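A.B. asks: First the structure, which I've put down as structure tokens, then a few questions once you've had a look.
The values are calculated or read from the model by the stated rules, or taken from the named source; none is laboratory data. Only a predicted model underlies this, so the values are computations on that prediction, with no experimental measurement involved. Every residue, glycine among them, receives a Cβ derived from its backbone with ideal geometry; neighbour counts consider all protein chains shown.
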Amino acid sequence: MKEHKTMYDIIGVGIGPFNLSFAALLENQPELDALFFEQTKKFNWHPGMLIEGTVMQVPFIADLVTMADPKSKYTFLNYVNEHERMYQFYFLQRLDIPRREYNDYCQWVANEINSCKFGKRVVDIRHINGEEHYEVDIMNVETGDKERYRSRHIVMGTGSVPTMPPSFRDLPNEDVFHTAEFLSHQERCKRAESITVIGSGQSAAETFRELLKEQRDYGYRLDWITRSGFASMEESKLSLEHFSPDYVDYFYQLPQSQKEEVFATQDLFYKGISNHTITDIYNLLYENSIGTEKVNVGLRVLSEVEDISKKDEGDAYEIKCLHTQKQERFTHESEVVIAATGYKPYVPDFIRNLTSLLEWDEEGRYKVLSDYRLAKTKDSRNEIYVHSGISHTHGVGSTNLGLAVHRNKVIINHLLGEDVYKIPKKNVFQTFDV
């Protein structure tokens, strides 16, 4: 194993939007030596859901740097300018941008920053007590070669992974898959006799909309099963202020039991369906109802999927469901089943090697300080900052891109021990605390 002698100030694990934002902001801090490692070969943000026509749910100003440093070369507007598309964007007259464009923008930034290393998987991290640093082992995903780096601090940006109900997991992936893999299975969908989407959030809606657009060309039966119904995301201006530093600070200081109660009531802040997506779907359903041809679509609400299995004969799967209000069971058959069943924070196995160093709560989650450091069991100058898996401590905005830059401002200020970036005390019109 090759061992590097350089002592880095900070090493980042994972390069998603949060750590990429961190890397971009650190470009203005030449006194800090930083490296960021990502196991995929290039930046790709939810590639399975980069559906043409889908847009970001935050304005373009929530890019990687603008809300900390609008003069940075890594702003979205500079990306547009560098690609000679400024007038096209000007005439677009929109705050939201295509999801594909956001991904391309992030790829452009990642390619510009030398500290971002792709195709490198972090396989182990150890805290070296006497020498006060971390050893970070990296594996080249193509060659299998390993390298060892040293760093005073770590920043975790490992994101989330799709979740599937247990009964879905051992079925053929070609037929039963998560929305995270939708685009790679789109050709399979076109060959199907019937398709069923299961779930109630934005990913379910975008997948259903795309399938509905192509249904008349390919003739499949299309169903959507949801337990909760087709609820609109709460998008009013004052409701959006829950995705602010002010609300994060308020939520953080609540007792943990109260945090759990409050968070459980806030699904429609981040789990609902955007109004424009629901409008698109309804308009498509209406268009398809014109004329004598019957609309071959089913929208089934109040229905909880309990089990799924392959039928003994034919290509279909049998989905066992429970009507949650009438408490009556029924079955539904479909050749392709797409699960929009959400994501969970990805906590790498090597974090368990740091169990004795870190504090954990009763639910087995790591404890996170207000400034995004993991709480430690003993005094150490070596910090682990974290972007992923902090909803239980920092609330509903933990995965919101509009708070990414603010979080990185807080981390950078703590890392350098000075207010490099100003943190305003008041950011919104509401007052959440007494």
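A.B. asks: If you check S370 against the conditions, is it of a type in the set (G, A, S) and modelled with pLDDT under 95?
C.D. replies: In short, no.
A.B. asks: Is at least one residue of the range 402-422 under 27 Å from H133 (Cα atoms), assigned to a loop (DSSP other than H, G, I, E, B) and among the β-branched types (V, I, T)?
C.D. replies: yes
A.B. asks: Only one residue in D280, D307 is in contact with a Lys or Arg (Cβ under 6 Å, 6 or more places away or on another chain) and under 18 Å from R209 (Cα atoms), so which one is that?
C.D. replies: Answer to the check: D280.
A.B. asks: Right, here's the next one. Only one of these conditions is not met by L285: (1) in contact (Cβ under 8 Å) with a residue 60 or more places away in the chain; (2) of a type outside the set (D, E, K, R); (3) exposed (fewer than 15 other Cβ atoms within 10 Å of the Cβ); (4) more than 22 Å from K190 (Cα to Cα). Which number is it?
C.D. replies: Evaluating L285 over (1) in contact (Cβ under 8 Å) with a residue 60 or more places away in the chain; (2) of a type outside the set (D, E, K, R); (3) exposed (fewer than 15 other Cβ atoms within 10 Å of the Cβ); (4) more than 22 Å from K190 (Cα to Cα) leaves (4) as the failure.
A.B. asks: Out of the residues in the range 219-258 meeting the condition of being of a type in the set (S, T, Y) and either under 30 Å from S334 (Cβ atoms) or without any contact (Cβ under 8 Å) to a residue 24 or more places away in the chain (or both), tell me which one is surrounded by the most Cβ atoms within 10 Å (Cβ to Cβ).
C.D. replies: Here the residue is T226.
A.B. asks: Then there's this: Looking only at the range 52-64, decide whether some residue is free of Cβ contacts under 8 Å to residues at least 40 places away in the same chain, touching a helix residue (DSSP H, G or I) at 6+ places or on another chain (Cβ under 8 Å) and of a type in the set (V, I, T).
C.D. replies: Yes: one or more hits.
A.B. asks: Regarding the range 132-139, can at least one residue be identified that is in contact (Cβ under 8 Å) with a residue 24 or more places away in the chain, surrounded by 20 or more Cβ atoms within 10 Å (Cβ to Cβ), among the hydrophobic types (A, V, I, L, M, F, W, C) and in contact with a Ser or Thr (Cβ under 7 Å, 6 or more places away or on another chain)?
C.D. replies: For the range 132-139, residues in contact (Cβ under 8 Å) with a residue 24 or more places away in the chain, surrounded by 20 or more Cβ atoms within 10 Å (Cβ to Cβ), among the hydrophobic types (A, V, I, L, M, F, W, C) and in contact with a Ser or Thr (Cβ under 7 Å, 6 or more places away or on another chain): present.
A.B. asks: Every residue in the range 311-370 that is surrounded by 13 or more Cβ atoms within 10 Å (Cβ to Cβ), under 24 Å from the mean Cα position of the chain (by Cα) and either part of a strand (DSSP E or B) or aliphatic (A, V, I, L, M) (or both), please.
C.D. replies: V337, I338, A339, A340, Y343, P345, V347, I351, W360, Y366, V368, L369, listed by residue number.
A.B. asks: Oh, and also: State yes or no: is F177 at pLDDT 95 or above, crowded, with 16+ Cβ neighbours inside 10 Å, not in a helix (DSSP H, G or I) and not acidic (D, E)?
C.D. replies: In short, yes.
A.B. asks: Follow-up question, since we're still on this one. Restricting to the range 44-67, give me the number of residues that are under 16 Å from L401 (Cα atoms) and not β-branched (V, I, T).
C.D. replies: The qualifying residues number 11.
A.B. asks: Being in a loop (DSSP other than H, G, I, E, B) and either in contact with a Gly (Cβ under 6 Å, 6 or more places away or on another chain) or among the aliphatic types (A, V, I, L, M) (or both) is the filter here, so list the residues in the range 377-401 that pass it.
C.D. replies: Within the range 377-401, H387, S388, I390, V396 qualify.
A.B. asks: Scan the range 144-178 for residues that are aliphatic (A, V, I, L, M) and touching a His at 6+ places or on another chain (Cβ under 9 Å) and jot them down.
C.D. replies: Of everything in the range 144-178, those that are aliphatic (A, V, I, L, M) and touching a His at 6+ places or on another chain (Cβ under 9 Å) turn out to be V155, M156, M164.
A.B. asks: Out of the range 374-394, which residues are under 17 Å from I11 (Cβ atoms) and either buried (at least 19 other Cβ atoms within 10 Å of the Cβ) or hydroxyl-bearing (S, T, Y) (or both)?
C.D. replies: Of the residues in the range 374-394, the ones under 17 Å from I11 (Cβ atoms) are 374, 380-388.
Answer for the range 374-394, where residues must be under 17 Å from I11 (Cβ atoms) and either buried (at least 19 other Cβ atoms within 10 Å of the Cβ) or hydroxyl-bearing (S, T, Y) (or both): L374, S380, E383, I384, Y385, V386, H387, S388.
A.B. asks: So which helices (runs of 4 or more DSSP H) stay within the range 187-260 end to end and still have 2 or more residues that are within 22 Å of V55 (Cβ to Cβ) and assigned by TED's automatic domain parsing to the domain that holds L285? Step through it out loud before you land on a result.
C.D. replies: On the way: elements: 202-218, 237-240, 245-252.
Hits in the range 187-260: 202-218.
A.B. asks: Kindly indicate whether V122 is in contact (Cβ under 8 Å) with a residue 12 or more places away in the chain and not in a helix (DSSP H, G or I). Quick ask: steps written out before the conclusion?
C.D. replies: Values: in contact (Cβ under 8 Å) with a residue 12 or more places away in the chain: yes; not in a helix (DSSP H, G or I): yes.
Here the answer is yes, as V122 does meet what is asked.
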